[in-house]
Amino acid sequence: MPTQVRMMHYSGESAPEDMWKITHDDLPELEEGEVQLRLDWISIDPGMRGWTTNKRSYMPPVTPGDIMRSFGVGEVLDSRSDAFVPGDFVTGFTGVQSEAVLKAGGLSKIDTNLAPAHHYMSGLGWTGYTAYFGMMDIGQPKAGQTVVVSAASGAVGSIAAQLARNEGAHVIGIAGGPEKTAYLRDTLKLAGVIDYKNENIDDALRREAPNGIDLYFDNVGGETLDAVFRQINYKGTIVVCGGISQYGDMHAAEGPSEYLAMVMQSIRMQGYTMRDYLDRIPEAFAALLKARNEGKLVYREHIVEGIENFPEAIDMLFSGANHGKLMLKVGA
Ligand SMILES: NC(=O)c1ccc[n+]([C@@H]2O[C@H](COP(=O)([O-])OP(=O)(O)OC[C@H]3O[C@@H](n4cnc5c(N)ncnc54)[C@H](OP(=O)(O)O)[C@@H]3O)[C@@H](O)[C@H]2O)c1
């Protein structure tokens, strides 16, 4: 039987244990222009907190009772579309479910000869593209600049940090705990690391960035963003990729109290989502694949087995229990 994970209430509007419901509903009949898929991989993203919050965002929230929105990768089992044949592997917004009937127009074919299917959920998928456009298009790091990345051992942050490192920047990665900072130092070869859970962030930034900060790739917001404002250089740039420290209650997210540094230091601060870059995905894919093939880009994946473990898995993003791109492996 197919399995679905449904969102039953908006975030914060029920007891956490009532938020999700596992169902086993039959698939709808396959209609013209649709494909039937077996899902193998489901991406778990901090952005899901936004999709489950009843608030204006870059796309409407999930409707209570509907299958939870997610990216996924799977194999086409049956097709009534000219775009796909059985055996094709595809990615797109598939929802948290083990099998699906979806409109072909929302899916893209992936090439599993270039990389295993799950890489299209991490370094070669939207995670990688998000890091690429945020860092390379908005941040534009230069050799010799001091670049700080928060949540730097995570899915997006680790790729963003490596892209800046590859440009010759002095990259400082911030992460929580000794295992993650060791990964940043020893595997990603970053110039500096900060363990924000065990160090004073202002002191650590002064130590690692004695000449100030030119570019900050922000994944967390909150205290860290304020600390960066206190040490950012004149005409510095802040790329606002996310603000996970504020996702606990998105109706009550707090902005930085030090934002007037934008005036004093002529700071450019820009947010974005992938909807700004949909027409440039091939560019990002080519750049990330090349870097990976040349040994200049690594990414780690944190795989949770079993679609029914979605509720526990999504919480890992907010406790920091994930080490790399978090995803569900659907089948055995
Ligand atoms: N703009 C876009 O289009 C876009 C797209 C994708 C993702 N994003 C954003 O990118 C960021 C990272 O997403 P990801 O998918 O790569 O997840 P991730 O970094 O792999 O996982 C989330 C990490 O955030 C850190 N974290 C959690 N709570 C925190 C807190 N209160 N303060 C500081 N750090 C905290 C944890 O790492 P530590 O153990 O180091 O704390 C956790 O492992 C998120 O803000 C997300 O919303 C934006």
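The numbers here are math on the coordinates, done by the rules we state, and not lab data. A quick note: this is a predicted structure, and the numbers were derived from the prediction, not measured. Positions of Cβ are generated from backbone atoms using ideal geometry, with glycine treated the same way; all protein chains shown enter the neighbour counts.
Relative to one another, the C-alpha centroids of the stretch 276-310 and the stretch 1-42 are positioned 24 Å apart.
Residues with beta-carbon under 9 Å from that of residue 158, excluding residue 158: net charge, scoring Lys, Arg +1 and Asp, Glu -1? Charge balance in the 9 Å sphere: +2.
Between residue 257 and residue 211, what's the calculated FRET efficiency when r is the beta-carbon distance and R0 is 22 Å? Round to 0.05.
About 0.35, to the nearest 0.05.
Going from the residue with the fewest nearby Cβ atoms within 10 Å to the one with the most, 119, 323, 251 rank 251, 323, 119. Calculated on the alpha-carbon coordinates, the convex hull of the stretch 126-275 measures out at 106 cubic angstrom per residue. Under a 5 Å amide H cut-off, with hydrogens placed 1.01 Å from N, residue 236 pairs with 268 among residues at least 5 apart or on other chains. The listed peptides 286-293, 92-99, ordered by packing as a protection proxy, come out as 92-99, 286-293 (highest mean of other Cβ atoms within 10 Å first). Helix 222-231: angle to the longest alpha-carbon principal axis of the chain, degrees 0 to 90, nearest 10? With both axes taken from Cα atoms, the answer is about 30 degrees. Among 302, 24, the ranking by other beta carbons within 10 Å of each residue's beta carbon, starting with the fewest, stands as 24, 302.
Taking other Cβ within 10 Å of each residue's Cβ, how do 70, 57 sort, fewest first? Could the numbers behind the result be given before it?
Details: 70 26, 57 13.
Starting with the residue having the fewest Cβ neighbours, the order is 57, 70.
Here the spin labels are modelled as points 7 Å beyond Cα on the Cα-Cβ line, and at residue 234 and residue 280 they lie 2.9 nm apart. Computing FRET efficiency as 1/(1 + (r/R0)^6) for residue 85 and residue 56, where r is the C-beta to C-beta distance and R0 is 41 Å, gives about 0.55. Relative to the longest principal Cα axis of the chain, at what angle does helix 155-166 sit, 0 to 90 degrees, rounded to 10? Rounded to the nearest ten degrees, it is 50.
For residue 191 and residue 103, calculate 0.36 nm times their separation in residues minus their Cα-Cα distance, and state this gained length in nm to one decimal.
Gain on stretching residue 191 to residue 103: 27.1 nm.
The HN-Hα couplings worked out from phi for the stretch 70-86 by the Karplus form 6.51 cos²θ - 1.76 cosθ + 1.60 (θ = phi - 60°) are 6, 7, x, 10, x, 10, 6, 9, 8, 9, 10, 9, 6, 7, 9, 10, x Hz, whole numbers, x standing for Gly and Pro. Under a 5 Å amide H cut-off, with hydrogens placed 1.01 Å from N, residue 3 pairs with 98, 99 among residues at least 5 apart or on other chains. Measuring max minus min along each principal axis, the C-alpha atoms of the stretch 1-85 give extents of 41, 29, 22 Å (largest first).
Averaged over residues, the count of other Cβ atoms within 10 Å places the peptides 44-56, 103-115 in the sequence 44-56, 103-115, highest first.
Placing unit charges on the Cβ atoms only, positive for Lys and Arg and negative for Asp and Glu, gives the chain a dipole magnitude near 1220 debye about its Cα centre.
A simple spin-label model places pseudo-atoms 7 Å from Cα toward Cβ; at residue 198 and residue 298 they are separated by 2.0 nm.
Annotation: amide H of residue 169 within the under-5 Å range of 144, sequence separation 5 or more or interchain, hydrogens built in the peptide plane. A full extension of the chain between residue 319 and residue 142 corresponds to an added length of 60.4 nm, given 0.36 nm per residue minus the alpha carbon distance.
Quantify how much of the Cα-Cα distance distribution of the chain extends past 25 Å, in percent.
Considering the chain, 52 percent of its Cα-Cα pairs are separated by more than 25 Å.
For the stretch 251-299, with equal point scatterers placed on the C-alpha atoms only and solvent neglected, what are the log10 I(q)/I(0) values from the Debye formula at q = 0.17, 0.23 1/Å, to two decimals? Here log10 of I(q) over I(0) equals -0.79, -0.85.
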